[in-house]
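To start, the structure itself, in structure tokens.
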Amino acid sequence: MSHTFAANGDTPSGTPTDPPSATLSSTPTGTPAAPPGLVRPEIPEEQWNDWRWHMRKRITDVAKARQWIRLTSDEEKAIAGSAGKYRWSVTPYYASLMDPYDPDCPVRQQAVPALGELLEHTGAEVDPVGDMFYRKTNRVVHKYPDRVIMLITEACPVYCRHCTRKFHTTAVDGTYFEKNEGEDFTEDLRYIAEHPEIRDVLLTGGDPLSYRDGKLEEIVSSLRAIPSVEIIRIGSRFPVLLPQRITDELCAMLARHHPVWLNTHFNHPKEITPESERAVDRLLRHGIPVGNQTVLLRGINDDLETMRTLMTELLRIRVRPYYLYHCDNVTGVSHFMTSVEKGWEIMEGLQGHITGFGVPQYVLTTRLGKIPISQPYHRRTPEGLVLRNYKGEEMLVDDAAYPVAETEGGR
Ligand SMILES: *Cc1c(COP(=O)(O)O)cnc(C)c1O
Ligand code: SF4
């Protein structure tokens, strides 16, 4: 079956018919066949393309996981050891991207528990970035002057092992929500309305797209009704974990409340598939810009080649790289941390080597906010400003051309 948009009935009604993007793969959406040695029930294509089916059929135990991968004894120990402590859930779609035989597979490591998450690492905290400290209502975290995040859920389609809010999303006993307010957002919306300096609201969680479209529209339209709210942003990993969620109906609904932006979370080129590409294309065709936030993860993407491919592949599918997060020392996540030097090495290999808008900003999230930690390409010296390019070549431009600001007293 070919997947041109017209044949799929994907064209939004009432908008001009766009030709399918030239870069879009026409690879048929397959229900993946079971690899040798693995036994898996046949999955009709109709079910494979239905996100609700994937949500119902999520892998949450060893028996189901064995249909997709050959578990190692360490993985089985980690699954048993984390049971009752951390949630575990993988969509069949994301499981289909895993290497069935290689436990080091970058997709697998993001989704299957590892023994490392049971270790207590020095200095690890459940909330090193201080979300809880800046929480003004049950769901609103107000840390920066003009914008807030709204933690609208704790549910996710896959519980990423490296989640920075692991305590909130994945820990069985954890949640930032003190009281169960159900689906009542009154207090949160009131806070935003009473603070007109908030012009930018980022819906996050958990994954906001875990909600059904109707409830999501209720939240988005309530925000849209607040005159001081200019842009609405959504942080969602569905384009990566279950791209079938990005339906035409969802996109059309969001498009009714523009300006809406979406940032997703690709960590490895393996995650860029025909399905995810189509999800991104659909968002873009509805006028929703798509950005990406990657986490630097040991053993998953902590090498230049992988990261450079990831960034150029994102550009190919028209996703704009936004942040590269240094992995925080979060309880249960510490085994994924790299050194900051590793991050610098990767940034040096991106900056100037690929187009500027393919280079994310390398940041470390702290209680003080997100701190850009890339190395500078310039320094002041007594002779003037020294500039360096991506090859390490330097030049001096003198102070007459780029004078030192007088008010700052110079060097
Ligand atoms: C990340 C974050 C934001 C959004 O930051 P941007 O740099 O604008 O993307 C807002 N509030 C909090 C608490 C955050 O952690
Ligand atoms: S989807 Fe996002 S919020 Fe949910 S577990 Fe993964 S990283 Fe965390």
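The values are calculated or read from the model by the stated rules, or taken from the named source; none is laboratory data. Being a predicted model, the structure only gives us computed values, none of them experimental. FYI the Cβ positions are ideal-geometry reconstructions off the backbone, even for glycines, and counts take in every protein chain you see.
Counting only helices (runs of 4 or more DSSP H) that sit wholly inside region 1-115, those with at least 1 residues that are out of contact with any Asp or Glu (no Cβ under 7 Å at 6 or more places or on another chain) and modelled with pLDDT of 85 or more are 45-48, 51-56, 62-65, 73-82, 92-95, 106-111.
Per-residue answers, yes or no, for (1) within 16 Å of ligand 2 (Cβ to nearest atom); (2) without any contact (Cβ under 8 Å) to a residue 24 or more places away in the chain; (3) in the same structural domain as residue 297 (by TED's automatic domain parsing):
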position: 338; (1), (2), (3): no, no, yes
position: 343; (1), (2), (3): no, no, yes
position: 346; (1), (2), (3): no, no, yes
position: 349; (1), (2), (3): no, no, yes
position: 353; (1), (2), (3): no, no, yes
position: 367; (1), (2), (3): no, no, yes
position: 389; (1), (2), (3): no, no, no
position: 396; (1), (2), (3): no, yes, no
position: 402; (1), (2), (3): no, yes, no
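Here residue 201 clears all of (1) in contact with a helix residue (DSSP H, G or I) (Cβ under 6 Å, 6 or more places away or on another chain); (2) assigned to a helix (DSSP H, G or I); (3) of a type in the set (A, V, I, L, M, F, W, C) except the condition numbered (2).
Provide a single number: the residues in region 92-136 that are within 16 Å of ligand 1 (Cβ to nearest atom) and either among the hydroxyl-bearing types (Ser, Thr, Tyr) or within 30 Å of residue 52 (Cα to Cα) (or both). Of the residues in region 92-136, 1 are within 16 Å of ligand 1 (Cβ to nearest atom) and either among the hydroxyl-bearing types (Ser, Thr, Tyr) or within 30 Å of residue 52 (Cα to Cα) (or both). Of 231, 192, all but one fail to be more than 16 Å from ligand 2 (Cβ to nearest atom) and loosely packed, with under 15 Cβ neighbours inside 10 Å; the exception is 231. Where residues in region 353-386 are among the β-branched types (Val, Ile, Thr), surrounded by 12 or more Cβ atoms within 10 Å (Cβ to Cβ) and out of contact with any Lys or Arg (no Cβ under 7 Å at 6 or more places or on another chain), which of them is nearest to residue 403 (Cα to Cα)? Checked region 353-386; the qualifying residue nearest to residue 403 (Cα to Cα) is 373. The set of residues in region 378-402 being within 21 Å of residue 359 (Cβ to Cβ) and in contact with a Phe, Trp or Tyr (Cβ under 9 Å, 6 or more places away or on another chain) consists of 387, 388, 389, 390. Scanning region 85-106 for residues that are hydrophobic (A, V, I, L, M, F, W, C) and under 19 Å from residue 36 (Cβ atoms) yields 95, 97, 98, 105. Taken together, 204, 186, 153 contain a single residue that is out of contact with any Ser or Thr (no Cβ under 7 Å at 6 or more places or on another chain), of a type outside the set (A, V, I, L, M, F, W, C) and within 12 Å of ligand 2 (Cβ to nearest atom), which is 204. Can you tell me which residues in region 288-309 are farther than 21 Å from residue 233 by Cβ, aliphatic (A, V, I, L, M) and touching a strand residue (DSSP E or B) at 6+ places or on another chain (Cβ under 7 Å)? 296, the sole residue that qualifies.
With respect to the conditions (1) at pLDDT below 95; (2) of a type outside the set (D, E, K, R); (3) within 15 Å of ligand 1 (Cβ to nearest atom), residue 171 falls short on a single one, namely (3). Being over 24 Å from residue 254 (Cα atoms) and free of Cβ contacts under 8 Å to residues at least 60 places away in the same chain holds for only one residue in 136, 215, 143, and it is 136.
Looking at residue 145, is it within 11 Å of ligand 2 (Cβ to nearest atom) and not acidic (Asp, Glu)? Criteria not met by residue 145.
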